[in-house]
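Single-structure report; data block below.
The values are calculated or read from the model by the stated rules, or taken from the named source; none is laboratory data. This one's a predicted model, so the numbers in the text were calculated from it and none came from an experiment. Here the Cβ is made from the backbone with ideal geometry for all residues, glycine too, and neighbour counts use every protein chain on show. Please note that ligands, DNA and RNA were not included when accessible areas were found on the heavy atoms of the full protein model with its side chains. Shrake-Rupley method; radii C 1.70, N 1.55, O 1.52, S 1.80 Å.
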Amino acid sequence: MIDFYKYQAAGNDYLVIDPRHTDFPVTREAIRLICDRHLGIGADGVLHGPLEPPRPGVPVVLDLYNSDGSDCGRSGNGLRMFALHLAGQEPGAWADGREFTLRTGAGDSSVRVLDLVEGRAEVGMGRPSFEAADLPLLQEDGTTPYDGRAVRVPLSVDGEKLTVTCVYNGNPHTVVPVDEPSAELARRLGPMIAGHARFPQRTNVQFMRMVNRSVMELEVFERGAGYVTASGASACAAVSAARELGLCERRVEVRMPGGGVEIAVAEDGRVTMTGDAEQVAAGSFAPALRARLDRTAPAGTVR
């Protein structure tokens, strides 16, 4: 019996757990344990699904979780991984290049498996919002809602005066143009921006530099996973912000420490992401890990 499949995309890794085959207690504690790189299997998050029997022509439902157990909403890399997982399980239904839909708590996303062997897939991430209310974003007093669009917003962090642009694409993102993105910068300022009082629901953070109008360098700190080597949704948000700021063309190669993705922005602002992913492991829970997972289930649950 296979309890989990592990995938990675540009170093961003997720565990696919299929409830049809694995009795997994979906609790914050269980997610944290399974994603722990010392006590569990290790991952940036969990893709739990399909939650209903998948049928061609009907949206496939799944839940996405961050490694801290919080709801992920929408992950561009995660959706690519899950699309490839479906195609690998049932190539005749999902791997012929036709478009199908993945449904998460953040809405529907269209996906296409372009090359199952190479692990290449395309995800439609929809039209992002720059409205402060969608993040939400507060005024500098930390209590009053920020009114209007969150474009070129001044933000004070650790004595530094930053100018940020905020994007909502199923998750809240805060894009920071910088001269030199680095892991050190993301690890230092990322947690302070992610947990800033002006973001009551926290935010993902992107440190972005345009190499030229078609190439972007990006470092990412996620609100639910910390520093990551890549993030598809963050790449989409950063390109949307750069496009809004007049810094880039409609097609951008986004380079991150773990690898790159290609982002295309349509005339109406809709974003499409294309990139590679691969399965790196599959296995079963050892009895000791299964026992610890079971202890996270609510009292009275019959397992």
Which percent of the accessible area of region 152-276 is formed by carbon and sulfur heavy atoms (probe 1.4 angstrom)? 46 percent
Carbon + sulfur, % of accessible area of region 1-147 - ligands and nucleic acids excluded, 1.4 Å: 46 percent
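Over region 96-136, what per residue volume does the convex hull of the Cα atoms give, in whole Å³?
Enclosed volume per residue, from the Cα hull, is 83 Å³.
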Local charge sum around ARG103 (other residues, Cβ-Cβ under 12 Å, Lys/Arg +1, Asp/Glu -1)? -2
Could you give log10 I(q)/I(0) at q = 0.15, 0.17 Å⁻¹ for region 1-158, computed by the Debye formula over C-alpha point scatterers of equal weight, without solvent? -0.85, -1.00
Keeping all protein chains in place, calculate the accessible area per residue for the chain (probe 1.4 angstrom), answer in Å². 42 Å²
With VAL117 itself left out, Lys, Arg at +1 and Asp, Glu at -1 over residues whose Cβ is under 14 Å from its Cβ give -4
Rank MET1, PRO177, PHE82 by how far each Cα sits towards the positive end of the charge dipole of the chain (+1 on Lys, Arg Cβ; -1 on Asp, Glu Cβ) and give me just the farthest. MET1
For region 146-258, what number results from the quotient of the Cα radius of gyration and 2.2 N^0.38 Å? 0.95
Count the DSSP beta bridges whose two residues both fall in region 193-268, then state the antiparallel fraction as a percent rounded to the nearest 5. 85 percent
Output wanted: per-residue J couplings in Hz (rounded whole) for region 56-65, from phi through Karplus 6.51 cos²θ - 1.76 cosθ + 1.60, θ = phi - 60°, x for Gly and Pro. x, x, 10, x, 8, 9, 8, 10, 10, 10
For the chain, what is Rg from Cα atoms divided by 2.2 N^0.38 Å, rounded to two decimals? 0.98
Can you pull the three principal axis extents for the Cα set of region 251-303, in Å, largest first? 53, 26, 16
When Lys and Arg each count +1 and Asp and Glu each count -1, what net charge do the other residues less than 10 Å away from GLU29, Cβ to Cβ, add up to? +4
Based on the alpha-carbon set only, what is the convex hull volume of region 1-62 divided per residue, in Å³? 99 Å³
For region 166-303, whose charge dipole is built from +1 on Lys and Arg Cβ atoms and -1 on Asp and Glu Cβ atoms, the candidate among VAL215, LEU189, LEU289 with its Cα farthest towards the positive end is LEU289
